[in-house]
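One structure is given here, and the rest of the page talks about it.
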Amino acid sequence: MAGLGLDRIYMGLESGHDPTLAAIVKGADAAAMIAAASAVRQAGIFLSVTALLGIAGRRDSLAHAEATGRVLAAMQPNQIGILTLMLLPGTPLYREAQAGCFVLPDQAALLRELRLMVVNLGDCRCQFQSNHPSNYLSINARLPRDREQVLVAIDRALAGETALRPEYLRGL
């Protein structure tokens, strides 16, 4: 594939939590996403995988975070990009939120998701980034080397010692 100019693949995992993947009609379960990642890596192609904080709602927040960290570790991507769900008018999830069927986690819960994902990545070697404008806390790190600094940064944010990105600066 590299000979054809394909040297990087971006894969949207969104979640490693099968009930969440089914709820968002992803069309694949965690095992299928791991298998796809394995094929990409075996082909020698750089793999960048994206996961979404908040996609499981408040109810399944921690289950989503734990499962997503484990699935990302199994995928062994070169790069992990974390984004935070932003509800857009006109989308099915926005309508579910308006009807009270979906509740987006608050800032602290989203940070706890981020922390639990990092913990469950184990020794995954990758570039880890949550520097997208949708995120409240910007992180750019090499894992596992920077794991402790990342966890400390999240803990400081949870303790209110670090300023989070204000709503008016968040965007897609």
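Please go through segment 37-47 and give me each residue that is in a helix (DSSP H, G or I) and crowded, with 16+ Cβ neighbours inside 10 Å, ordered by number.
Within segment 37-47, Ala37, Val40, Arg41 meet the criteria.
Name every residue in segment 85-115 that is free of Cβ contacts under 8 Å to residues at least 40 places away in the same chain and of a type in the set (Phe, Trp, Tyr), in order of residue number.
Tyr94 - this is the single residue of segment 85-115 that is free of Cβ contacts under 8 Å to residues at least 40 places away in the same chain and of a type in the set (Phe, Trp, Tyr).
Answer yes if at least one residue in segment 48-59 is buried (at least 23 other Cβ atoms within 10 Å of the Cβ), among the β-branched types (Val, Ile, Thr) and touching a His at 6+ places or on another chain (Cβ under 7 Å), and no otherwise.
Yes, segment 48-59 contains a residue that is buried (at least 23 other Cβ atoms within 10 Å of the Cβ), among the β-branched types (Val, Ile, Thr) and touching a His at 6+ places or on another chain (Cβ under 7 Å).
Residue-wise test of (1) over 27 Å from Asn140 (Cα atoms); (2) at pLDDT 95 or above; (3) out of contact with any Leu (no Cβ under 9 Å at 6 or more places or on another chain); (4) in a strand (DSSP E or B).
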position: Leu6; (1), (2), (3), (4): no, no, yes, no
position: Leu62; (1), (2), (3), (4): no, yes, no, no
position: Gly81; (1), (2), (3), (4): no, yes, yes, yes
position: Ala108; (1), (2), (3), (4): no, yes, no, no
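Somewhere in segment 2-20, is a residue in contact (Cβ under 8 Å) with a residue 40 or more places away in the chain, acidic (Asp, Glu), surrounded by 14 or more Cβ atoms within 10 Å (Cβ to Cβ) and closer than 24 Å to Gly171 by Cα?
Checked segment 2-20: at least one residue is in contact (Cβ under 8 Å) with a residue 40 or more places away in the chain, acidic (Asp, Glu), surrounded by 14 or more Cβ atoms within 10 Å (Cβ to Cβ) and closer than 24 Å to Gly171 by Cα.
Restricting the search to segment 83-96, which residues are closer than 19 Å to Asn135 by Cβ and in a helix (DSSP H, G or I)?
Leu93
Hey, could you check segment 8-36 for residues that are closer than 19 Å to Ile55 by Cβ and in a strand (DSSP E or B) and say which is nearest to the chain's Cα centre (by Cα)?
That would be Glu14.
If you take the residues of segment 119-172 that are among the hydrophobic types (A, V, I, L, M, F, W, C), assigned to a helix (DSSP H, G or I) and without any contact (Cβ under 8 Å) to a residue 40 or more places away in the chain, which of them is surrounded by the most Cβ atoms within 10 Å (Cβ to Cβ)?
By that ranking, first place goes to Val150.
Filtering segment 63-82 down to residues that are small (Gly, Ala, Ser) and surrounded by fewer than 23 Cβ atoms within 10 Å (Cβ to Cβ), which residue is farthest from Ser134 (Cα to Cα)?
Taking the candidates together, the pick is Ala74.
The values are calculated or read from the model by the stated rules, or taken from the named source; none is laboratory data. Quick caveat, the model's predicted, so the values are computed rather than measured. Methodologically, a virtual Cβ is constructed for each residue, glycine included, from the backbone with ideal geometry; neighbour enumeration extends over all protein chains shown.
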